[in-house]
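Student: The following block contains the structure, expressed as structure tokens.
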Amino acid sequence: MPELKLFAFDAEDLAVISAHLQDALIRIGDLAYLPQEKRFAAIGNRFDWVEALRNPRVQDYVRRQAALRFERVLGARMQGIDLGRKDAVLSLLAIGFEPKGDPDDPGGHVTLHFADKGAIRLEVECIEAELKDLGPVWRAKSMPQHPDDDSAPAGEPRERP
């Protein structure tokens, strides 16, 4: 599969990026909030769900190094994440968007939800995000599992992008 490069400018676009990043592994040391540039960025290793579901009977899973970037970020707050533990790894579950409420205001909050109740909440002027594969690809030992997910029988893949 060719390298992925996606942009998000609304909640629907962001949901596509979220689906591609589900189960991405991100080192805390690879998170960066740059307030002067109004930017938040992260580098992680995403599980390639498209490749995994192309032929679910063949267990040829891969991970890809990818960069996630948000522009127009006014603030960032973290919950359940110790920035001092630079080598600790977070498992990304989903990315969501909550608008401010005024339909004429494109701003709101983007939240990155991690396993073990960790979260990063970004206050944004509007949604402006990019997901880009960086090149390195390697075999993954297994497909990520979610024991509390009842949407598919045990061992069966769930719908992905």
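The values are calculated or read from the model by the stated rules, or taken from the named source; none is laboratory data. In this text the structure is predicted, and so the values were computed from the model without any measurement. Cβ coordinates were reconstructed from backbone atoms using ideal geometry, including for glycine residues, and neighbour counts include every protein chain displayed.
Student: Which of (1) more than 15 Å from Glu130 (Cα to Cα); (2) modelled with pLDDT of 95 or more; (3) of a type in the set (Val, Ile, Thr); (4) surrounded by fewer than 16 Cβ atoms within 10 Å (Cβ to Cβ) does Val58 not meet, given it meets every other one?
Tutor: The failed condition is (2).
Student: Here is a follow-up. Go over the candidates Ile43, Ile28 one by one and state the one that is β-branched (Val, Ile, Thr), surrounded by 15 or more Cβ atoms within 10 Å (Cβ to Cβ) and more than 19 Å from Lys132 (Cβ to Cβ).
Tutor: Ile28
Student: What number of residues within the range 21-65 satisfy the criterion of being under 21 Å from Pro136 (Cα atoms), of a type in the set (Val, Ile, Thr) and out of contact with any Asp or Glu (no Cβ under 8 Å at 6 or more places or on another chain)?
Tutor: Count: 2.
Student: Based on what the data block shows, is Leu92 in a strand (DSSP E or B) and either hydrophobic (A, V, I, L, M, F, W, C) or modelled with pLDDT of 95 or more (or both)?
Tutor: Yes, satisfied.
Student: Could you tell me which residue of the range 122-143 is modelled with the lowest pLDDT, considering only residues that are more than 20 Å from Ala67 (Cβ to Cβ) and not hydrophobic (A, V, I, L, M, F, W, C)?
Tutor: My answer is Ser142.
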